[in-house]
1. When the residues of the stretch 6-48 are narrowed to those that are aliphatic (A, V, I, L, M) and in a helix (DSSP H, G or I), which ends up nearest to Asp82 (Cα to Cα)?
2. Taking the conditions exactly as written (modelled with pLDDT under 95 and either surrounded by 13 or more Cβ atoms within 10 Å (Cβ to Cβ) or of a type in the set (Gly, Ala, Ser) (or both)), does Ala52 satisfy them or not?
3. Within the stretch 49-82, count every residue that is more than 15 Å from Ala18 (Cα to Cα), part of a loop (DSSP other than H, G, I, E, B) and either in contact (Cβ under 8 Å) with a residue 40 or more places away in the chain or touching a Ser or Thr at 6+ places or on another chain (Cβ under 6 Å) (or both).
4. State which residue pairs qualify: first residue more than 20 Å from Glu74 (Cα to Cα) and inside the stretch 23-42, second residue aromatic (Phe, Trp, Tyr) in any location, beta carbons under 9 Å apart, and separation of 6 or more residues or different chains.
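The values are calculated or read from the model by the stated rules, or taken from the named source; none is laboratory data. A quick note: this is a predicted structure, and the numbers were derived from the prediction, not measured. A quick note on method: Cβ atoms are made from the backbone with ideal geometry, for glycine too, and the neighbour counts reach across all protein chains shown.
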Amino acid sequence: MEQRVIIYTQETCPPCFAEKEWLKSNNIPFEERDIRKNPQYMNEIIGLGASATPVTVITKDGSQEVVMGFRQEELRTLLAID
C-alpha cells in the first residue's frame with residue numbers, strides 16, 4: 001500500500017518540529033513544505049482550510065486525509081503505527 005505524507009510547516013513552529021521528529025522516530029518518510037519559503041505552499045494550506053501549521057496531508061489508496069495540527073493519535077491511526 002503506497003502512501004505519501006506531506007507536512008506543511010514554518011521554522012518558528014514548535015509543533016511542526018515535534019511532528020517532524022515524531023514522524024522520523026516512527027520511520028515515516030515525508031515531504032516538508034515550508035510555507036514561509038514558498039508562497040505556493042501557503043496558498044495550498046489556505047485551500048485546505050487551514051490557518052495554522054502544521055498541516056499534514058496523507059494520501060493512501062487514492063484517498064486523502066488532512067490533519068490540522070500535531071494530532072499524534074489521529075496520525076498514529078491514519079499511518080497505521082502500532
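1. Residues of the stretch 6-48 aliphatic (A, V, I, L, M): 6-7, 18, 23, 28, 35, 42, 45-46, 48.
Then drop every residue that is not in a helix (DSSP H, G or I), which leaves 18, 23, 42, 45-46.
Working: Ala18: 19, Leu23: 13, Met42: 32, Ile45: 28, Ile46: 32 Å.
So the residue we want is Leu23.
2. On the way: modelled with pLDDT under 95: yes; either surrounded by 13 or more Cβ atoms within 10 Å (Cβ to Cβ) or of a type in the set (Gly, Ala, Ser) (or both): yes.
When the stated conditions are applied, Ala52 passes them.
3. 4
4. Listed pairs, sorted by first residue: Arg33/Tyr8; Arg33/Tyr41; Asp34/Tyr8; Asp34/Tyr41; Ile35/Tyr8; Ile35/Tyr41; Tyr41/Tyr8; Met42/Tyr8.
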